[in-house]
Amino acid sequence: MGLINKITTETFETEVLQSKVPVLVDLYADWCGPCRMMAPILEKLAAELDGRVKIVKIDTDAQPDLAAEFQVSGIPMLVMMHRGQAVAESIGVVSRQRIMQMVDAATATPAPQRAKRA
């Protein structure tokens, strides 16, 4: 799976909620055809965005508690998390362009200002 880690309830807090960079969460299931269609797009983006955004996967069948926490109503479901909060989401197969809009919205937050020296 390359740069994309599978997340469990045990790793969710450290890998997603406490992440220093925005996290794109892919909620999926192995049996889901549309989820498999999204996989190559997410793999390419994980390589392109390495260091800027983290992409993780949550298997909704293996992690039902996390699926319930995200209130999954359909898969694939993408949720953009930033500073521990969901800032954007989409359900179903989406284009690379739509994913990048979600990423750009989360990463457009200005960096904290440095204190000026007198």
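Values computed for the structure shown
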{"read-out": "Pairs of lysine residues in the chain - Cα separation under 23 Å, sequence separation of 8 or more or cross-chain", "value": "9"}
{"read-out": "Rounded to 10°, Cα long-axis angle of helix 96-107 versus longest principal axis of the chain", "value": "40 degrees"}
{"read-out": "5 angstrom amide H check on residue 87, placed H, neighbours 5+ away", "value": "80, 81, 82"}
{"read-out": "222 nm mean residue ellipticity, helices alone, for the chain (DSSP H n ≥ 4; -39,500 (n - 2.57); rounded to 500)", "value": "-9500 deg cm²/dmol"}
{"read-out": "Distance (nanometres) between label positions extended 7 Å along Cα→Cβ at residue 10 and residue 47", "value": "3.1 nm"}
{"read-out": "Of the trypsin sites (Lys or Arg not before Pro) in region 19-72, those whose Cβ has at most 13 other Cβ within 10 Å and which sit in DSSP loop", "value": "20, 52"}
{"read-out": "Normalised contact order of region 5-107, rounded percent, pairs of Cα under 8 Å and 6 or more residues apart", "value": "37 percent"}
{"read-out": "Scattering curve values for region 1-45, log₁₀ I(q)/I(0), Debye with Cα scatterers, q = 0.17, 0.27, 0.29, 0.31 Å⁻¹", "value": "-0.55, -1.11, -1.17, -1.22"}
{"read-out": "Cβ-placed point charges (K, R +1; D, E -1), dipole of the chain about Cα centre in debye, nearest 20", "value": "840 debye"}
{"read-out": "Global geometry of region 1-81, whether rounded, prolate or oblate, following the gyration tensor of its Cα atoms and the 1.5 cut on a/c", "value": "oblate"}
{"read-out": "Stretch gain in nm, segment residue 97-residue 85, where the contour uses 0.36 nm per residue and the Cα spacing is subtracted", "value": "2.1 nm"}
{"read-out": "Alpha carbon convex hull of region 54-98, volume per residue in cubic angstrom", "value": "87 Å³"}
{"read-out": "Degrees between helix 33-48 axis and first principal axis of the chain (Cα, 0 to 90, nearest 10)", "value": "30 degrees"}
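Any read-out appearing in this document is the output of simple, stated calculations on the displayed coordinates, not a laboratory observation. Treat the numbers as computed from the prediction; the structure is a model and nothing was measured. Cβ coordinates were reconstructed from backbone atoms using ideal geometry, including for glycine residues, and neighbour counts include every protein chain displayed.
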